[in-house]
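What follows is a set of notes on a single structure, which appears directly below.
The values are calculated or read from the model by the stated rules, or taken from the named source; none is laboratory data. Quick caveat, the model's predicted, so the values are computed rather than measured. No Cβ is skipped: glycine too gets one built from the backbone with ideal geometry, and neighbour counts run over all protein chains shown. For the accessible areas, the whole protein counts, side chains as well, though only heavy atoms, and no ligand, DNA or RNA atoms are used. Shrake-Rupley method; radii C 1.70, N 1.55, O 1.52, S 1.80 Å.
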Amino acid sequence: MLYHCYKINYIRRPEELDCETVSDLLSQSLAEYGFESFEYQPNGLYAYIPTELSKQIDIKEAVSNFPLPGLEIDYEAEEQPDIDWNHEWESKYFQPVRINEFCRIRAPFHPEDKTVDFDILISPKMAFGTGNHQTTALVADTLFFLDLLNLQVLDMGCGTGILSIIASLRGAKTVTAIDIDNWAIENTRENARLNKIDNITSLVADASQLPCVETYDLIVANIMRNVLLEDMPQYTQCLKRGGKLLMSGFYAEDIQPLKERAVSLGLTPIDHRTGKEGWSILIVSKLK
């Protein structure tokens, strides 16, 4: 299939958000208009859409409808021929990601690696959610050092479903994968099938639609600091006694305010970790 490319530039962005986070969010928004693949740039994004579909959308509307205060964007159609994106992606962009000694993430067109216990398949329709982002890799690695056997797990903001898949492969009894975007749910279902997993339930929803009873043993929320602060009460409600909430999507300086919010809700901080470029995780538990 042939694709058309738009180059999107960030003229100004919110100070608290790095370009990669903005690109993640914008990619999710554009995916609703039919954009299928994205290539990150230092201060912007290349967005690819099937040529036939590009004739049916209003790119100005698609960009202007992105609801992120403080962000100014301009865009242009690249003066280049349409490309076969699948071929370009395979040959240039998406490479297998080694999470740790146990796990590698790859596309179906990459050769299998029999030296790892978990050689996970992800259909590379998006440039995020494949383990390339620091927070995804950090949370993925952490899941290998938690006991997930027979747990009921919730994956908030599931994206491609990679964290849901790892939780299932690590022994979770059931996994509920939630995202606000249809593309993410469809991609999670596809990737679950690729890995022959049948215990992941994927739903289009947000935190306001979570159950009000203690349902989950582990909640994974790899989102953004402000969303985590706002949604933590809902997470607390549906977390079982003794359960854990694993959060990421923020920097080291955000750990303290997240801890304070957790404590105010009766949760107990039990661990935190900072990885590359300052990206961090925080684990809290519902002990009472």
Quiz prompt | Options Glu190, Glu186, Glu101: the member that is modelled with pLDDT of 90 or more, of a type in the set (Asp, Glu) and farther than 26 Å from Lys244 by Cα | solution = Glu190
Exercise. Please enumerate the residues belonging to segment 13-31 that are assigned to a loop (DSSP other than H, G, I, E, B) and modelled with pLDDT of 75 or more.
Key: Arg13, Pro14, Glu15, Leu17, Asp18
Quiz prompt | Criterion violated by Ile197 - all others in (1) touching a Leu at 6+ places or on another chain (Cβ under 7 Å); (2) modelled with pLDDT of 95 or more satisfied | solution = (1)
Quiz item: Take the residues of segment 60-83 that are β-branched (Val, Ile, Thr) and out of contact with any Gly (no Cβ under 9 Å at 6 or more places or on another chain): which is modelled with the lowest pLDDT?
Solution: Ile83
Practice problem: Find all pairs meeting these conditions: Cβ atoms under 6 angstrom apart; at least six residues apart or on different chains; first residue within segment 271-288 and free of Cβ contacts under 8 Å to residues at least 24 places away in the same chain and over 18 Å from Asp147 (Cα atoms); second residue hydroxyl-bearing (Ser, Thr, Tyr) and open to solvent by less than 20 Å² (accessible area, probe 1.4 Å). | Solution: Thr274/Ser280
Exercise. Determine which single condition Ser264 fails, assuming it passes every other condition in (1) more than 17 Å from Leu146 (Cβ to Cβ); (2) among the small types (Gly, Ala, Ser); (3) at pLDDT below 95.
Key: (3)
Quiz item: Given the structure, is Val175 touching a residue at least 40 places away in the same chain (Cβ under 8 Å), not aromatic (Phe, Trp, Tyr) and not in a helix (DSSP H, G or I)?
Solution: no
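Having 2 or more residues that are open to solvent by 40 Å² or more (accessible area, probe 1.4 Å) is the bar; report the strands (runs of 3 or more DSSP E) wholly within segment 186-288 that clear it.
Ranges flagged: 200-204, 239-251, 268-274.
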Quiz item: Regarding Tyr46, is this residue closer than 16 Å to Lys7 by Cβ, at pLDDT below 80 and part of a strand (DSSP E or B)?
Solution: no
Practice problem: Quick one: count up the residues across segment 1-34 that are free of Cβ contacts under 8 Å to residues at least 24 places away in the same chain and under 23 Å from Glu186 (Cα atoms). | Solution: 1
Practice problem: Scan segment 52-63 and report the pairs whose first residue is farther than 15 Å from His4 by Cα and whose second residue is open to solvent by 80 Å² or more (accessible area, probe 1.4 Å), with Cβ atoms within less than 8 Å and a gap of 6+ or a chain change. | Solution: Val63/Tyr75
